[in-house]
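The values are calculated or read from the model by the stated rules, or taken from the named source; none is laboratory data. Quick caveat, the model's predicted, so the values are computed rather than measured. Cβ: placed from backbone, ideal geometry, glycine included. Neighbour counts: every protein chain shown.
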Amino acid sequence: MKFEAIYESVLIETNSFQVLSHTTDGAIRILSNTGTRYEYTGAVPSIARKLLQFVHQKRWGEGWQLLKSLKLISKGRIKEEQDFDSVFKPMPMEEFIKNLTSQKGWTQNKDGSWDVVGYVNLIGMNLKKLPLRFGKVSGYFSCNHNKLTTLEGAPKEVGGYFSCSGNNLISLQGGPKKVGEGFYCYNNQLTTLEGGPEYVGGIYFASDNQLTTLQGAPKHVGRDWYLHDNPVSEEELLKTLHKEQ
C-alpha cells in the first residue's frame, strides 16, 4: 500500500508560498512568503491548482477574486487587492533566508550552523541542497518535496519529526542522528538506511524507495515501521524487526 493511499494529499508549491489541499478534509492552507497562514475548508484540489495557475501567470486580479470567494481574504487580513502581489510574489532566496534566520528562537553557532527553538519548514522550494547548516531544532524539520540529493546541512538532533520525503536522495548521510518523533524518508531512491538516525522516538517511514537491505537501521524506533514498496527481502525485514523487539 502506498503512503498516498493512507494519507491522500496534494501539495502545490512555489518559492513564495505553499498551497496544501487535503482530500480528506477538503481544506486549502496557504503559507505565504510573509509567514502568514490562510485557511479555507470545504474546497477541492482543483481550486488549489487554479490559484497556483493564477500566481504563476501573475494574474493577480483573478487570484484576488478567487481568494475573496473563498473568504480567505478576511481570515488572512489581506485588505486591499495590491496586497495580493506583495504577499504572493516570488521572494529571492537571500531575502527568504534573512527573514528565516531573523525569527525569534534562531541562534547562530560559532561554526556557522543554526540552532532553532521552534520548527523549520523548507517544503517545496525546489531546493537541490539545504540553504543553511543546522545544529539542533527543538520542533519539527521538513524539507520534503524538493530536489535534494543530499542531507548535508540537516540538523543533528530534532525534537519533533524529521521529513525529507519526496526528494532525490540516494543516501541518508548528513541527516539527524536523533529524532524525537517520526522519521519520514519515503519516496526517494534509497538502497540502504546507512547514515540515518540511531534513535527515532516515533514511526520510521521509508516506503517507496529502492531498499535492498536495512543496514544502518536505527537502534531504537519508538513506534511502527513502514517499509512497503521496497525490493528488500522478507528475511531481511524479519531480521531487522526481530532486533527491535
Meets criteria (loosely packed, with under 15 Cβ neighbours inside 10 Å, at pLDDT 95 or above, in a loop (DSSP other than H, G, I, E, B) and not acidic (D, E)) for Q215: no
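One line per residue, one yes/no per condition, for (1) within 17 Å of the chain's Cα centre (by Cα); (2) surrounded by fewer than 16 Cβ atoms within 10 Å (Cβ to Cβ); (3) over 21 Å from C143 (Cα atoms):
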| residue | (1), (2), (3) |
| --- | --- |
| G175 | yes, no, no |
| V179 | yes, no, no |
| E194 | no, yes, no |
| R223 | no, yes, yes |
| L227 | no, no, no |
| S233 | no, yes, yes |
Taking region 118-138 only, how many residues are part of a loop (DSSP other than H, G, I, E, B), within 20 Å of I203 (Cα to Cα) and over 13 Å from the mean Cα position of the chain (by Cα)? 1
Which residue pairs have Cβ atoms under 9 Å apart, sit 6 or more places apart or on different chains, and have a first residue in region 218-229 that is touching a residue at least 60 places away in the same chain (Cβ under 8 Å) and a second that is not hydroxyl-bearing (S, T, Y) and not in a loop (DSSP other than H, G, I, E, B)? Y226/F3; Y226/I6; Y226/F205; H228/F3; D229/F3
So, of the residues in region 196-212 that are of a type in the set (A, V, I, L, M) and touching a Leu at 6+ places or on another chain (Cβ under 9 Å), which turns out to be surrounded by the most Cβ atoms within 10 Å (Cβ to Cβ)? A206
Taking Y186, is it touching a helix residue (DSSP H, G or I) at 6+ places or on another chain (Cβ under 9 Å) and either of a type in the set (S, T, N, Q) or at pLDDT 95 or above (or both)? yes
What are the residue pairs meeting all of these: first residue in region 183-195, first residue in contact (Cβ under 8 Å) with a residue 24 or more places away in the chain and on the phi > 0 side of the Ramachandran plot, second residue part of a loop (DSSP other than H, G, I, E, B) and surrounded by 17 or more Cβ atoms within 10 Å (Cβ to Cβ), Cβ atoms under 6 Å, and 6 or more apart or on different chains? N187/S165; N187/G166; N187/D208; G195/S171; G195/L172
When the residues of region 141-164 are narrowed to those that are at pLDDT below 95 and not hydrophobic (A, V, I, L, M, F, W, C), which ends up surrounded by the fewest Cβ atoms within 10 Å (Cβ to Cβ)? K147
